Amino acid sequence: METVLHTDALARFGHALSDATRTRVLLELRAGPAYPAELADKIGVSRQILSNHLACLRGCGLVVAVPEGRRSRYELADARIGAALDDLLGLVLSVDPAYCRNADTEGCC
């Protein structure tokens, strides 16, 4: 049972990181809580697009919305998410260009 839960959590994290905008949101929230309008401006997307990505990240359990009056502040659901992102940023991959030459069109890696 524990393995299934871990696998599900990793799949959700992987899904979140599979989109550049969601990845940028998570990286911004690593520095601390933020409001959607601020995040949209920093990332360079519309508020509607950001709202859709925040909904996805909330659904995956990676971020939480903290109500503050009429606004909500977003933050990582668990500090370990930020630590995991730090670890991933330190990872260096050796990519085989022959295998990934069509990554933009075929999505292989």
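The values are calculated or read from the model by the stated rules, or taken from the named source; none is laboratory data. Remember, predicted model here, so these are calculated numbers, not experimental data. As a convention, Cβ positions derive from the backbone with ideal geometry for all residues, glycine included, and neighbour counts pool all protein chains shown.
Some values worked out for this structure:
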item: Subset of the stretch 49-98 that is of a type in the set (D, E, K, R) and either assigned to a loop (DSSP other than H, G, I, E, B) or touching a Ser or Thr at 6+ places or on another chain (Cβ under 8 Å) (or both) - its residue that is nearest to Leu5 (Cα to Cα); result: Asp78
item: Residue satisfying condition, being modelled with pLDDT under 95 and surrounded by 13 or more Cβ atoms within 10 Å (Cβ to Cβ), within set Gly61, Gly14; result: Gly61
item: Matching residues in the stretch 72-93 - criterion: being surrounded by fewer than 12 Cβ atoms within 10 Å (Cβ to Cβ) and more than 16 Å from the chain's Cα centre (by Cα); result: Gly90, Leu91, Val92, Leu93
item: Residues of the stretch 17-32 that turn out to be over 13 Å from Leu50 (Cα atoms) and either under 8 Å from the mean Cα position of the chain (by Cα) or surrounded by fewer than 15 Cβ atoms within 10 Å (Cβ to Cβ) (or both), as a count; result: 5
item: Condition met for Gly69 (under 14 Å from the mean Cα position of the chain (by Cα) and at pLDDT below 95); result: no
item: Residue match in the stretch 37-45 (condition: loosely packed, with under 11 Cβ neighbours inside 10 Å, more than 12 Å from Val25 (Cα to Cα) and over 13 Å from the mean Cα position of the chain (by Cα)); result: no
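Residue-wise test of (1) aliphatic (A, V, I, L, M); (2) assigned to a helix (DSSP H, G or I).
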residue: His6; (1), (2): no, yes
residue: Leu10; (1), (2): yes, yes
residue: Gly14; (1), (2): no, yes
residue: Arg22; (1), (2): no, yes
residue: Val25; (1), (2): yes, yes
residue: Glu28; (1), (2): no, yes
residue: Gly32; (1), (2): no, no
residue: Ala37; (1), (2): yes, yes
residue: Ala40; (1), (2): yes, yes
